Amino acid sequence: AVSEDAYDVLVLGAGPGGYSAAFRAADLGLKVVLVERYSTLGGVCLNVGCIPSKALLHNVAVLEEAKHLAANGIVFGEPVIDLNKLRDYKDSVIGKLTGGLAGMAKARKVTVVTGVGEFSDSHHLSVAKPDGTTQVLAFKNAIIAAGSQSVKLPFLPEDDRIVDSTGALQLKSIPKKMLIVGGGIIGLEMGTVYSALGARLDVVEMQDGLMQGADRDLVKVWQKMNASRFDNIMLNTKTVAAEAKEDGIWVTFEGESAPKEPQRYDLVLQAVGRSPNGNKIGAEKAGVQISDRGFIAVDQQMRTNVPHIYAIGDLVGQPMLAHKAVHEAHVAAEVIAGQKSFFDARVIPSVAYTDPEVAWVGLTEEQAKKEGIKIEKGLFPWAASGRAIANGRDEGFTKLIFDAQTHRILGGGIVGTHAGDLISEVALAIEMGADMVDIGKTIHPHPTLGESIGMAAEAAHGSCTDLP
Ligand code: FAD
C-alpha cells in the first residue's frame, strides 16, 4: 500500500529522459521527486556526452576552418592550444546548462534528492545519500530513467591511458598516437577532436564499415575527407589483448586487417557501445522485468510490466539518443497525468557531429534493397550548391528516398557541414507524409544548404515518368 502523501511521480535518474519527465509531470500539476546520484542534473548527455563533445567539436571545427582559409588569402599564425582553457570552456558550457536545469527544477517545485536510488518494493525507493544516511521515498507512479554506461572490454588492463568517452572528454593531454576501439559515432567524434589537436589515429572496427547504420554513400564522403587523420583503419578486425608498458599501451588485434605484431599507443579509447543500467537499480524488487542485458521492456505508453511504473531513455532500447529519451519522457509523464499520449514516432534521426557531419533519418537505400521496397531516389551534390561552394565546403550531398508508388518520402541522408541541423526538415517531411512534389515545390531560401533538400526532391521528381 502507498501512503496518501506519497509523491505522484518519482523519477529515477536526471538525464535528458529523467529531467524532461520530471518537468513535464510538474507542469501537468503532479507532485514530483527526481532522484539523481550525482550532484548535477543532466545525466550523461549534459555532463559527459552530447554537450561537452559538441563544445570541443565546435572549437576544433573552427580551428580546421581557419587552416583552410589560407588558400583564400587569409593566413593565421600557428595555433597555440591551451588545453586548460579549452577544458575550462567545455566545463563552463556544462555548468551553464546543468545550472539552468537546477533553476528549472526549483521553479517547478520538483524535489531533487541526491543519492543512489534502489527500489525496495513497487511503491518505495530507498536512496543512499552522500552523507551516509538513507531516505525512503514513497511514490504512486515511477519513471525509471537510469540510462546507460559505456561497455568495458574485460581484457583491457586498468591504466589511465585506456579511457572511455568520459575519460577522453577530460582532455588530460594530447597523445601522439591514439587507438579508437569501435568505429561508431562516439569514437569517431572523439577521434575528430583529438586528431584536430594533433593526435594520429588508428581505428579498429569489428564490422565491415565505420559509422554503421548510415548510408554507405554518405560514409564514403566522410571517409575520403578524413583519410588524412588515420594511419590505419582496421575493418572486420577486433582488439583481443592489450599490455600496459612504460612506453605505451601495446595492443594485439585479430581479423582481416590485423597487424601481425602488437601496436603501441599513447591513448586507447574504448567506444564499443553502451549498456543499460536496468539491472542496477533493484527494479526486480518492484516486480519490473529486466532482460539479461539490462534493458526494460515497455509498451507504446512507456509502461513496464508493472502498470504504475514506466521506463524511458537508453535503458528501454536503441537508439540510445537524447532526443528519443526526451520524447519518451513526455509520453510517460502525460500518461501518468491521464492524457492519451503514445510514443509513435515514425523516425528518429541520427547525427555524427564529425567533420563533415553525417546525418540520416528513416529508410536508407541499403535497407530498402534488403527489404525489397521499390524506391525512387533524389540526389543533390553540393558541388552544385552556391552556398556550399561559397563556404569552400562542397564535398557533401543530400540524398532522399521516396516510395516508388506513392512518391512519399521514406528516408534521407546528408553528408556535409551542418548536416545535423539540416536533417530535421527531412524528419518533419517523413512525419507529415510529404511527397517529392511537396518538398520540391516548397520554396527554400537561396543561397542555403537547405536548398539541397528541395533540389534533391526535384531531382527525384524529374526521374519519375508518371509525374508532370
Ligand atoms: P542518462 O543520460 O544516462 O541519465 C541517467 C541518469 O541516471 C544519470 O545521471 C545517472 O547518474 C542516473 N542514475 C543511474 N542509476 C541511478 C541510481 N541508481 N540512482 C540515482 N541515479 C541514477 N545523444 C544524442 O542524442 N546526441 C549526441 O550528440 C550524443 N552524444 C553523445 C556523446 C557521448 C560521448 C555519449 C557517451 C553519449 C552521447 N549521446 C548523444 C547519448 C546520450 O547521452 C544518451 O542517449 C542520453 O544521455 C540518454 O538519456 P537518459 O535520460 O536515458 O540517461
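Computed from the coordinates by the stated procedures, all read-outs in this text should not be read as laboratory data. These numbers come from a predicted model, not from an experiment. Backbone-built Cβ (ideal geometry, glycine too); neighbour counts: all protein chains shown.
Quick check on region 173-265: take the gyration tensor over C-alpha atoms, sort the square-rooted eigenvalues as a ≥ b ≥ c, and tell me if it's rounded (a/c under 1.5), prolate or oblate. Can you show the working numbers first?
On the way: a/c = 2.21, a/b = 1.29, b/c = 1.71.
Judged from the Cα gyration tensor, region 173-265 comes out oblate (a/c at least 1.5, b/c at or above a/b).
Round to the nearest 0.05 the FRET efficiency obtained for K176 and L379 when R0 = 35 Å and r is the Cβ-Cβ distance. Mind showing how you got there, number by number?
Numbers: r = 40 Å, r/R0 = 1.14.
Efficiency, from the Cβ-Cβ distance: 0.30.
Sort region 337-428 into rounded, prolate or oblate with this rule: let a ≥ b ≥ c be the square roots of the eigenvalues of the Cα gyration tensor; rounded if a/c is under 1.5, and if a/c is not under 1.5, prolate when a/b is larger than b/c, oblate otherwise. Write down the numbers at each step before the final one.
Working: a/c = 2.42, a/b = 1.39, b/c = 1.74.
Oblate shape, in that a/c is at least 1.5 and b/c is the bigger or equal ratio.
Between exposed chymotrypsin sites (Phe, Trp or Tyr not before Pro) in the chain, where DSSP calls loop and at most 13 other Cβ atoms lie within 10 Å, what's the longest gap?
Values: sites that count: F76, F155, F342.
That gives 156-341 as the longest site-free run.
In whole Å, how far is the Cα centre of region 350-420 from that of region 94-158?
39
Using the Kirkwood formula over every pair of different C-alpha atoms, what hydrodynamic radius in Å results for the chain?
Numbers: mean 1/r = 0.0415 Å⁻¹.
Final number for the Kirkwood radius of the chain is 24.1 Å.
Within the set K90/K177; K67/K224; K177/K238; K238/K374; K109/K280, which residue pairs have Cα atoms separated by over 25 Å? Write down the numbers at each step before the final one.
On the way: K90/K177 23 Å; K67/K224 18 Å; K177/K238 18 Å; K238/K374 36 Å; K109/K280 28 Å.
In this structure, K238/K374; K109/K280 exceed 25 Å between Cα atoms.
Setting aside same-chain residues fewer than 8 positions from K96, which lysines have a Cα under 18 Å from its Cα?
K96 reaches K54, K85, K106.
From the phi of every residue in region 181-191, what ³J(HN,Hα) in whole Hz does the Karplus formula 6.51 cos²θ - 1.76 cosθ + 1.60 yield, where θ is phi - 60° and glycine or proline is x?
Karplus values, whole Hz, x for Gly and Pro: 9, x, x, x, 4, 4, x, 6, 5, 5, x.
Evaluate 2.2 N^0.38 Å with N set to the residue count of region 1-99, then give the Cα radius of gyration divided by it. Mind showing how you got there, number by number?
Numbers: Rg = 20.7 Å, N = 99, 2.2 N^0.38 = 12.6 Å.
Ratio of Cα Rg to 2.2 N^0.38 Å: 1.64.
Take the alpha carbon atoms of region 259-314, find their center, do the same for region 31-47, and report the distance between the two centers in whole angstrom.
Taking the Cα centre of each part, region 259-314 and region 31-47 sit 18 Å apart.
At 222 nm, what helix-only mean residue ellipticity would the chain give, in deg cm²/dmol to the nearest 500, using -39500 (n - 2.57) for each DSSP H run of four or more? Write down the numbers at each step before the final one.
Working: 13 runs with 147 residues, N = 468.
Per the formula, -9500 deg cm²/dmol.
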